[in-house]
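*Asks:* Sharing a structure here in structure tokens format.
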Amino acid sequence: MNIKRIKFASKLGLVAAAAGSAVGLGNIWRFPSQAADGGGALFIFLYIGCIAFFGIPLMMGEFIIGRSGRANASGSFKKLAPGTQWKWVGRLGILTAFLILGFYMVVCGWTMEYIVQSVSGQLMATESFGENFNNLLQDSTRQSVWMVLFTLLTAFFILAGVKKGIEQSAKILMPVLFLLLLILGFRSVTLSGSAEGLAFLFKPNMGAVKSTIFLDAIGQAFFSLSIGMGAMTTYGSYFRDDSNLRNTAFQVSLLDTLVAVLAGIIIFPAAFALTQTPETIVTTLVAGGPGLLFITIPQLFHHLPFSSLWATMFFVLLGIAALTSTISLMEVVTTFLHEELNMLRRNAVTFISMGVVVLGVTSSISPQFFDILDYTNAKIMLPLSGLFISLFIGWYLDKKITFAQLTNDGTLSVSVRFLKFYIFILRYIAPVAIVGIFVYGIFF
Ligand code: TRP
């Protein structure tokens with residue numbers, strides 16, 4: 001079947017779409033708790049190192065594969081490496097995308113519940129935020145209903161298409177998201193007593209160092225940049241011929257890191273400023289994840305005038321960030337089924353949604369299942385496919401293709417030194433580091 005492929009219409013739209021994929025629950029929900037757990041500044045330092053040395057090169061790599069293959073994550077490998085097994089790297093990614101949706105959607109569902117509770121004023125009227133959240137966790141039916149709704153919302157945007165659904169929504173949602181983050185960040189650091197929280201975030205706490213810190217940092221970096229499962233390959237396949245892959249990867253990674261740090265700046269100062277018992281806050285922060293966003297944050301808004309308004313703003317923001325990411329995750333699987341198995345997009349979306357609902361319901365009933373999905377995907381599948389992508393570009397792919405993609409056939413001025421350095425990183429540095437980190441994190 002010869003499928004006519006669509007391209008993103010504008011440069012801004014393409015950056016917004018890729019940034020929309022990258023910026024998500026990973027930045028606002030996962031990053032702060034990982035940072036708290038990893039000793040604040042030390043983790044952030046390693047994290048930024050991972051972004052610079054592996055994240056950006058691999059994102060560029062996925063763009064290269066996608067735009068030169070002009071197909072879904074598996075099809076692009078097939079075109080660039082016909083007759084080989086490289087397509088399995090793409091397929092591993094597609095499977096990962098599907099599995100990530102299985103727990104990610106549940107958190108999206110919690111966000112929906114919290115938006116509704118904030119708007120109705122019910123959230124700010126609760127006696128205990130911990131109990132309120134636990135009640136939700138106990139109620140798998142309620143969680144499932146929200147999760148299904150969020151899945152339908154995502155499906156709706158996918159069905160609206162690449163340009164109208166993905167690009168247009170990202171172009172509007174991303175600036176709104178940024179504005180909300182800035183407002184909340186400003187509010188948080190201007191609270192009296194916020195300095196302690198900033199210190200917690202930006203001062204290294206050597207006591208918290210663990211052997212898994214490198215794996216945690218790289219896993220978080222890949223997760224946050226949407227690397228290692230074909231999302232950036234798929235979006236790259238919609239890029240225009242004249243878009244600058246290198247600059248786009250830099251811009252998207254910068255935005256993503258900025259949002260993660262901003263989320264930290266919202267959460268930590270406020271958490272410290274607005275609580276009388278810093279010890280319990282530290283425990284919650286370190287326990288991280290759910291507790292952080294759904295217990296600590298409402299607690300913090302509770303102390304402010306117009307609390308329901310702040311809470312609504314925050315959870316809407318979280319919902320927006322999550323939505324542009326679930327769209328990218330579902331698009332990866334949709335294009336694959338559409339192009340490789342000749343399914344209509346509509347049928348593909350229905351099929352995927354049903355699968356996601358099954359995984360999601362299981363995750364909302366069993367926290368263990370939820371954790372297993374989170375762990376295996378972030379710490380095993382993503383680094384593994386990051387490794388294969390770096391090997392693919394570093395060793396297999398003809399350098400001429402890489403150079404042609406990065407310079408748009410010689411029309412962009414990209415120095416030869418940069419191109420050589422780029423290959424060097426993907427050839428030696430990234431694979432060695434990923435394997436090292438992986439072995440060290442899993443076995444020690
Ligand atoms: N990057 C998104 C976040 O930070 C999640 C996500 C979307 C993702 N697409 C992905 C993670 C692809 C890994 C791979 O929330």
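Rule-based calculations on the coordinates, nothing more; no lab input. None of the values given here were measured: they were computed from a predicted structure. Because the Cβ atoms are built from the backbone with ideal geometry, glycine has one as well, and the counts that use them run over all protein chains shown.
*Asks:* Which peptide among 109-122, 67-80 comes first, and what is the full order, when sorted by highest mean count of other Cβ atoms within 10 Å?
*Replies:* Highest-to-lowest ranking by the protection proxy: 67-80, 109-122.
*Asks:* For region 362-444, what is the convex hull volume of the alpha-carbon atoms per residue, in Å³?
*Replies:* Normalising the Cα hull of region 362-444 by residue number yields 119 Å³.
*Asks:* Taking a cut-off of 18 Å between Cα atoms, list the lysines near Lys210, but don't count ones fewer than 8 places away on the same chain.
*Replies:* Lys379
*Asks:* Could you tell me which of Ile401, Phe45, Leu391 has its Cα farthest along the dipole of the chain towards the positive end, charges placed at Cβ (Lys, Arg +1; Asp, Glu -1), taken about the Cα centre?
*Replies:* My answer, from the dipole projection, is Ile401.
*Asks:* Hey, another quick one. At 27 Å minimum axial length over the Cα atoms and a Kyte-Doolittle cut of 1.0, report the qualifying DSSP H helices in the chain, or say none.
*Replies:* Long hydrophobic helices here: 87-120, 140-160, 168-189, 245-273, 307-340, 345-365.
*Asks:* Going 7 Å from the Cα of Asp241 along its beta-carbon direction, which residues of region 389-428 have the amide nitrogen within less than 11 Å of the resulting point?
*Replies:* 409
*Asks:* Extension gain Gln122-Thr376, at 0.36 nm per residue separation less the Cα-Cα distance, in nm?
*Replies:* 87.8 nm
*Asks:* Based on Cβ point charges of +1 for Lys and Arg and -1 for Asp and Glu, what charge dipole magnitude is obtained for the chain about its Cα centre, in debye rounded to the nearest 20?
*Replies:* The calculation lands at about 1720 debye.
*Asks:* Okay, moving on. Can you give the calculated 222 nm mean residue ellipticity of the chain, where each DSSP H run of n ≥ 4 adds -39,500 (n - 2.57) and the sum is split over every residue, rounded to the nearest 500 deg cm²/dmol?
*Replies:* My calculation for the chain gives -23000 deg cm²/dmol from helical runs alone.
*Asks:* Can I ask one more? Could you grab the relative contact order for region 350-444? Cα pairs under 8 Å, six or more apart, rounded to a whole percent.
*Replies:* This gives 29 percent for region 350-444.
*Asks:* If you stretched the chain out fully between Tyr428 and Asn342, how much longer would it get, using 0.36 nm times the residue separation minus the C-alpha to C-alpha distance?
*Replies:* Gain in length upon complete extension: 27.2 nm.
*Asks:* Next question, about the same structure. Please work out the Kirkwood hydrodynamic radius for the chain, using every pair of different C-alpha atoms, and report it in angstroms with one decimal place.
*Replies:* Kirkwood radius, the chain: 21.9 Å.
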